[in-house]
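The values are calculated or read from the model by the stated rules, or taken from the named source; none is laboratory data. None of the values given here were measured: they were computed from a predicted structure. Here the Cβ positions follow ideal geometry from the backbone for every residue, glycine too, while neighbour counts run over all protein chains shown.
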Number of protein chains: 2
Amino acid sequence: MYKFLGELINVDQAVRKGVDKIEFKLETLEVSVWDARGYILAEDIYASINQPPFHRSAVDGFAVKAEDTFGASPLNPITLRIKGSLKPGDKPGIKIDHGEAVEVSTGAPLPQGADSVIMVEDVDIVNNYIRVHKPVPKWANVSRLGEDYSRGDLLVSKNTVLKPHDLAIIASSGYKYVKVYRRLSVGILCSGDEVVEPGQPLSGGEVYNSTGVLIKNYLDEMPFIKTYYYGIVGDQKSLLRDFIEKLIGKHDLLITSGGAGVSGVDVLRDVVEELGEYVFRGVAMRPGRPTSLALINNKPVFMLSGYPVAAWTGLEALVKPIIYGSLGIEVPAKPIVKALLTRRTPNVIGYRSYIRVGIKRVDDKYYAEPYMLRGSGVLSSLVKTNGYIIIPEDLEGYEKDSIVDVYLYS
Amino acid sequence: MYKFLGELINVDQAVRKGVDKIEFKLETLEVSVWDARGYILAEDIYASINQPPFHRSAVDGFAVKAEDTFGASPLNPITLRIKGSLKPGDKPGIKIDHGEAVEVSTGAPLPQGADSVIMVEDVDIVNNYIRVHKPVPKWANVSRLGEDYSRGDLLVSKNTVLKPHDLAIIASSGYKYVKVYRRLSVGILCSGDEVVEPGQPLSGGEVYNSTGVLIKNYLDEMPFIKTYYYGIVGDQKSLLRDFIEKLIGKHDLLITSGGAGVSGVDVLRDVVEELGEYVFRGVAMRPGRPTSLALINNKPVFMLSGYPVAAWTGLEALVKPIIYGSLGIEVPAKPIVKALLTRRTPNVIGYRSYIRVGIKRVDDKYYAEPYMLRGSGVLSSLVKTNGYIIIPEDLEGYEKDSIVDVYLYS
């Protein structure tokens, strides 16, 4: 039977090694700003115009020369002649001189010569004149040309996972298309003689392939990934070998479940050993200790546990940070809640433990209740909890009433 | 020119009124557990089997009767005969009697009569016998039948937005398909004579339609929504009226940008007034005060500002919570950072303000720096910041060094 050789690598080292060894080569494509959310930007985007492209009124009112209003008061109102009006979309063709005003609505360009806008509420309109009762400072109620950004400013940097804000600012500068990396193509295959696909009948000794469903849907949450599921592969070594070689040619990355454990009945591990080289083989974490990474033809193959909770820990602690790191993008922040631990929670020194917890709020305090059943197959421990705590390698555990960071599932 | 009549409704009242008035009628469909992520579950899912479906070995070792090992010690080892072996997927056909053991690998079913597993590391194997040096308690190293869940248990409730965990536990009970609500169909149209689509040339007085791009991509982040973008509509009242009537028939919800402000040049507001009735018309918040909601033929029409930041505030503070509330699902938790405000930040009493802030970490403390340019068109205020703070209606602002909750963009 297989045993792990020597010391297991720790989680941080495993992530670092993975990021160091993996280099994805992704072609680029042009995608419309209407549909590019979640893609990784493959270029720096610089402003092609000033924004706003002209001095723009921020309110409904009258565009004036500010100095014309200096000294205005309720007792000494100043009168200005209405020379015309501008609405949004009009060209700023009109020009005003001293003593003149132009009616503008919100979003309209300022007429030439104007440098401020008096709100409509603050004037009296008498025939073709306005009466101004208080001075306006220069640039009052005006969005000035270039105040958002200037032509040539960097708007969004390369390697940004495009969010709505980013696409809006890119669009504001007139770009319809952006150059992005094509999505990472990930093949998923499962192994295990005891594993049966959902929807099929179950015989004694068999279990349903919840792990495969978990892996595919977990990866689908990363919008820059496209997953391909290949089903449950058999235990025939030569067939499995051919299949993996074929898939490696088709995808950027493979993820397998099962067959990476310590059991003597698994062949997947042997096949990967023949075809490639391991980056790490087992990691000092619980659950998910068997999680391994190999390179075959320079392409990464992650081997996850066949047990769903252990596979999930492998995804969360290793696969996700390594994929993000290799792509040069940041793992998004997770919501964290500080909570009081309701029970002593032990750890095996040398391992990093991921403990699922339920959160309860009592009198403005949050309590984290560790889920009792820790088995790496216990899916209810994921569904019935709100998040997880991490116990580091150098601690024997957390005492009851410790304040812990709970990472919420998002 | 249009003025808001009387008191503006506050954000909480607006959300409550919206949720009360809106009732979406969504048909259901069957979707595979492999692809159902992000759909809203339309049924309660109960376990169809026990999980695990049999007593299962959690380790590689030997299945025994625990009581046979009681009294075992290094000086008095107990010897058991190896009767056979079971691997994952085997039917638990073998039966053991006192004095017998069955070799099992991780995931294998326990043979009949066995109630615990001794780890392979803890025995000596001598020919066809194992020598046991210490007792094992009953159910040691066994995942017991039904320990995850029992047949008939509620696994995932109706109205859950399906996450990977949920789909995994549903799959573990053998279901390939789940009944979900079809996605909410949302039509988006923009208005404004000054607005030009990205990719088109820009004349004086015109701006690009960044608001439309923001709205579409923001909604696309909710996986249970399908968006349809209809472009920039003109100012011809009769044409706009026909168009809106047509779209209301095709979609569950319409969202418009522009034309809901206080400007006299807008016609969208008038068209909506003729066709339907307002639920609220303007909200006491900044930015985004013009945000309105109407019902036309019992279908909601949200009117957002034409300015991108004001539109975003309308989406975040009103559209999102109202959609979630009307669908009976919870708005997911946002990551929050507690930070020290670097500057006094004023508020207009009676309004709820949404202030974009950048976050900096200095010596383990977080600081929130309010973005200076507050204009509702300043997109860089969204792109260059990390999140926002909310100043409630009854405060004149936050003093410098106040501890504030920063809601991170996710």
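For region B:81-97, state whether one or more residues are farther than 25 Å from A:TYR208 by Cβ and out of contact with any strand residue (DSSP E or B) (no Cβ under 9 Å at 6 or more places or on another chain). Working first, answer last.
Step one: list which residues in region B:81-97 are farther than 25 Å from A:TYR208 by Cβ, which gives B:81-84, B:95-97.
Subset that is out of contact with any strand residue (DSSP E or B) (no Cβ under 9 Å at 6 or more places or on another chain): none.
Checked region B:81-97: no residue is farther than 25 Å from A:TYR208 by Cβ and out of contact with any strand residue (DSSP E or B) (no Cβ under 9 Å at 6 or more places or on another chain).
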Exercise. Could you please give the count of residues in region A:362-379 that are within 14 Å of another protein chain (Cβ to nearest Cβ) and not in a loop (DSSP other than H, G, I, E, B)?
Key: 1
Quiz item: Looking at (1) within 14 Å of chain A (Cβ to nearest Cβ); (2) touching a Ser or Thr at 6+ places or on another chain (Cβ under 7 Å), can you tell me which one B:TRP312 breaks?
Solution: (2)
Quiz item: Are there any pairs, at least 6 apart or on different chains, whose C-beta atoms fall under 6 Å, with the first in region B:226-237 and farther than 30 Å from B:GLY38 by Cα and the second of a type in the set (A, V, I, L, M, F, W, C) and assigned to a strand (DSSP E or B), and if so, which?
Solution: B:VAL233/B:LEU189
Exercise. Have a look at B:ILE359, B:ILE355 and point out the one that is within 23 Å of A:SER143 (Cα to Cα) and part of a strand (DSSP E or B).
Key: B:ILE355
Practice problem: Looking only at region A:149-162, count how many residues are of a type outside the set (Asp, Glu) and either at the interface with another protein chain (Cβ under 7 Å from one of its Cβ atoms) or under 19 Å from B:TYR371 (Cα atoms) (or both). | Solution: 5
Quiz prompt | Index of the failed condition, A:ASN347 passing every other in (1) surrounded by fewer than 17 Cβ atoms within 10 Å (Cβ to Cβ); (2) polar (S, T, N, Q); (3) touching a Gly at 6+ places or on another chain (Cβ under 8 Å) | solution = (1)
Practice problem: Being crowded, with 24+ Cβ neighbours inside 10 Å, hydrophobic (A, V, I, L, M, F, W, C) and at pLDDT 95 or above narrows it down to one of A:LEU154, A:LEU167, A:LEU184, so name that one. | Solution: A:LEU167
Quiz item: Is it true that some residue in region B:187-197 is over 18 Å from A:TRP34 (Cβ atoms), at the interface with chain A (Cβ under 9 Å from one of its Cβ atoms), within 23 Å of the chain's Cα centre (by Cα) and surrounded by fewer than 22 Cβ atoms within 10 Å (Cβ to Cβ)?
Solution: no
Quiz item: So A:GLY146 clears everything in (1) in contact with a strand residue (DSSP E or B) (Cβ under 7 Å, 6 or more places away or on another chain); (2) away from chain B (no Cβ under 12 Å); (3) surrounded by fewer than 22 Cβ atoms within 10 Å (Cβ to Cβ) except one condition, right? Which one?
Solution: (2)
Self-check item: Whichever residue in region B:317-352 is in a strand (DSSP E or B) and touching a residue at least 60 places away in the same chain (Cβ under 8 Å) and, among such residues, is nearest to the chain's Cα centre (by Cα)
Solution: B:ILE336
Practice problem: With respect to B:TYR218, determine if the residue is assigned by TED's automatic domain parsing to the domain that holds B:LYS246 and surrounded by 17 or more Cβ atoms within 10 Å (Cβ to Cβ). | Solution: yes
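Each row is one residue, and each column tells you yes or no for (1) out of contact with any strand residue (DSSP E or B) (no Cβ under 8 Å at 6 or more places or on another chain); (2) not assigned by TED's automatic domain parsing to the domain that holds B:TYR371.
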position	(1), (2)
B:LEU315	no, yes
B:LYS320	yes, yes
B:THR342	no, no
B:THR345	no, no
Practice problem: Determine if region A:3-11 includes at least one residue that is part of a strand (DSSP E or B) and within 12 Å of another protein chain (Cβ to nearest Cβ). | Solution: no
Exercise. Please list, ordered by first then second residue, the pairs with beta carbon atoms under 7 Å, 6 or more apart or interchain, first in region B:76-104 and within 14 Å of chain A (Cβ to nearest Cβ) and over 24 Å from A:ASP235 (Cβ atoms), second small (Gly, Ala, Ser) and part of a loop (DSSP other than H, G, I, E, B).
Key: B:LYS95/B:GLY113
Quiz item: What number goes with the only condition from (1) under 26 Å from B:VAL161 (Cα atoms); (2) charged (D, E, K, R); (3) at the interface with chain B (Cβ under 8 Å from one of its Cβ atoms); (4) surrounded by fewer than 18 Cβ atoms within 10 Å (Cβ to Cβ) that A:LYS176 does not pass?
Solution: (1)
Practice problem: Scan region A:163-170 and give yes if some residue there is facing another protein chain (nearest Cβ under 8 Å), touching a helix residue (DSSP H, G or I) at 6+ places or on another chain (Cβ under 8 Å) and of a type in the set (Lys, Arg), otherwise no. | Solution: yes
Quiz item: How many of the residues in region B:119-129 are more than 14 Å from chain A (Cβ to nearest Cβ) and either under 43 Å from the mean Cα position of the chain (by Cα) or of a type in the set (A, V, I, L, M) (or both)?
Solution: 1
Exercise. Please tell me if A:PHE224 is aromatic (Phe, Trp, Tyr) and modelled with pLDDT under 95.
Key: no
Quiz item: Of everything in region A:30-42 that's of a type outside the set (Val, Ile, Thr) and at the interface with chain B (Cβ under 9 Å from one of its Cβ atoms), which residue is surrounded by the most Cβ atoms within 10 Å (Cβ to Cβ)?
Solution: A:ALA36
Quiz item: So which residues in region A:89-103 are aliphatic (A, V, I, L, M) and modelled with pLDDT of 95 or more, if there are any at all?
Solution: A:ILE96, A:ALA101, A:VAL102
Exercise. Please go through region B:346-393 and pick out each residue that is over 30 Å from A:ASN50 (Cβ atoms) and polar (S, T, N, Q).
Key: B:ASN347
Self-check item: Test set (1) crowded, with 21+ Cβ neighbours inside 10 Å; (2) assigned to a loop (DSSP other than H, G, I, E, B) - A:LEU382 fails condition number
Solution: (2)
Quiz item: Of the residues that make up region A:207-214, is at least one of a type in the set (Phe, Trp, Tyr), in contact (Cβ under 8 Å) with a residue 12 or more places away in the chain and surrounded by fewer than 24 Cβ atoms within 10 Å (Cβ to Cβ)?
Solution: no
Quiz item: What do you reckon, is B:ILE45 within 14 Å of chain A (Cβ to nearest Cβ), in contact with a Pro (Cβ under 6 Å, 6 or more places away or on another chain) and either surrounded by 15 or more Cβ atoms within 10 Å (Cβ to Cβ) or closer than 30 Å to A:MET222 by Cα (or both)?
Solution: no
